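Asks: The structure follows.
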């Protein structure tokens, strides 16, 4: 089985995430794409992250009609900071010898990859699939190879899709009372509205 993994805070999940999963799944003939909400994201203060239950619920709603997508709560259940090396090692252990594991990340994240915790261990467990993101240049593969020997043979750099949707922008639009139709799946938009997520504290 070829399994793709798309990790993130998903606060909220949006149409850009789905477009990336669709494109990578199609290009690499993946049987499944696993959406992996982070438990305690390393780059955001925990107090600023929406409760995991809400984030998981929104992902479930977003992928409900897509049988090749599924959600995993393994990082949430593990507790503590989420490290890609641990997650990929655990997933690799669940797959067979002939199965392929692909970790999907953005161009900017790939450029920072040498600074991740144990990057060589990560590429031993999976291949990396880097997708473009507005504002980030195409990664310099030669430089990355010098920093992490063997990386160039374990990475696929795609030029599509170009997705200009940001979860932080969506949160800000909701806080300002602006529409988010077309940015998130309809079911997710309804959930955000029904649960009062991302509104100003004084409005809740």
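Asks: Quick one: is residue 26 out of contact with any helix residue (DSSP H, G or I) (no Cβ under 6 Å at 6 or more places or on another chain), modelled with pLDDT under 95 and not in a loop (DSSP other than H, G, I, E, B)?
Replies: No, not satisfied.
Asks: Considering the stretch 5-42 alone, what residues qualify as being at positive phi and crowded, with 19+ Cβ neighbours inside 10 Å?
Replies: Within the stretch 5-42, 8, 10 meet the criteria.
Asks: One residue is enough: does the stretch 162-170 have a residue meeting the conditions more than 26 Å from residue 5 (Cβ to Cβ) and surrounded by 12 or more Cβ atoms within 10 Å (Cβ to Cβ)?
Replies: Checking the stretch 162-170: not a single residue is more than 26 Å from residue 5 (Cβ to Cβ) and surrounded by 12 or more Cβ atoms within 10 Å (Cβ to Cβ).
Asks: Taking the stretch 74-91 as the search range and keeping residues that are surrounded by 16 or more Cβ atoms within 10 Å (Cβ to Cβ), in contact with a helix residue (DSSP H, G or I) (Cβ under 7 Å, 6 or more places away or on another chain) and without any contact (Cβ under 8 Å) to a residue 60 or more places away in the chain, which one is nearest to residue 2 (Cα to Cα)?
Replies: 89
Asks: Hey, among 160, 118, 145, 203, which residue is at pLDDT below 95 and touching a helix residue (DSSP H, G or I) at 6+ places or on another chain (Cβ under 8 Å)?
Replies: 160
Asks: Quickly run through the stretch 95-114 and pick out the residues that are more than 17 Å from residue 148 (Cβ to Cβ), out of contact with any strand residue (DSSP E or B) (no Cβ under 9 Å at 6 or more places or on another chain) and either buried (at least 19 other Cβ atoms within 10 Å of the Cβ) or without any contact (Cβ under 8 Å) to a residue 60 or more places away in the chain (or both).
Replies: Listed by number, the residues that qualify are 97, 98.
Asks: Across the stretch 92-125, which residue is nearest to residue 139 (Cα to Cα) among those that are in a loop (DSSP other than H, G, I, E, B) and within 17 Å of the chain's Cα centre (by Cα)?
Replies: Residue satisfying both the conditions and the ranking: 112.
The values are calculated or read from the model by the stated rules, or taken from the named source; none is laboratory data. This structure is a prediction, so every number in the text was calculated from the model and none was measured. Cβ atoms come from the backbone with ideal geometry, glycine included; neighbour counts cover every protein chain shown.
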